[in-house]
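As structure tokens, the structure follows; a few thoughts come after it.
The values are calculated or read from the model by the stated rules, or taken from the named source; none is laboratory data. Everything numeric in this text was worked out from a predicted model, so none of it was measured. Cβ: placed from backbone, ideal geometry, glycine included. Neighbour counts: every protein chain shown. Accessible surface areas use protein heavy atoms only, side chains included; no ligands, DNA or RNA. Shrake-Rupley method; radii C 1.70, N 1.55, O 1.52, S 1.80 Å.
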Amino acid sequence: PLDRIYLAPPQALVLEDPAFGRAIRTQSAGNHSAVVWNPWIEQAAAMGDFGDLEYLKMLCVETTNAGPDRVSIAPGGAYRLGVDIQAERL
């Protein structure tokens, strides 16, 4: 399994996917970290919405404020975090 927090990532990230001939671009705002994860064999088997081998074809990149960058919001407060996702042909 893979589950990592990356601190201070660039706001613009590009995941190149040559198998599908595309690049997936994200542009985020309000985050100070990113999480990259894949459940691998045992965790994927325990997930009801995962096929037996789907973990081999996925990677999740999450825009977040995790670990030391977590954000606490007071009752009645607000915080905005956003991400724009685009796919384009390579």
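Some points to look at:
- Looking only at the stretch 18-54, residues that are without any contact (Cβ under 8 Å) to a residue 60 or more places away in the chain, open to solvent by less than 40 Å² (accessible area, probe 1.4 Å), out of contact with any helix residue (DSSP H, G or I) (no Cβ under 8 Å at 6 or more places or on another chain) and of a type outside the set (S, T, N, Q) come to 5 in all.
- The residues in the stretch 66-90 that are in contact with a strand residue (DSSP E or B) (Cβ under 6 Å, 6 or more places away or on another chain), part of a loop (DSSP other than H, G, I, E, B) and surrounded by 11 or more Cβ atoms within 10 Å (Cβ to Cβ) can be counted, and the count is 1.
- Residue match in the stretch 2-25 (condition: among the aromatic types (Phe, Trp, Tyr), in a strand (DSSP E or B) and touching a Cys at 6+ places or on another chain (Cβ under 6 Å)): no
- Filtering the stretch 37-55 to residues that are over 19 Å from residue 15 (Cα atoms) and of a type outside the set (A, V, I, L, M) leaves 40, 42, 43, 48, 49, 50, 51, 52.
- Residue check for residue 62: within 16 Å of residue 13 (Cα to Cα), out of contact with any helix residue (DSSP H, G or I) (no Cβ under 9 Å at 6 or more places or on another chain) and touching a residue at least 60 places away in the same chain (Cβ under 8 Å): no
- Any chance residue 59 is surrounded by fewer than 12 Cβ atoms within 10 Å (Cβ to Cβ) and under 16 Å from residue 2 (Cα atoms): no
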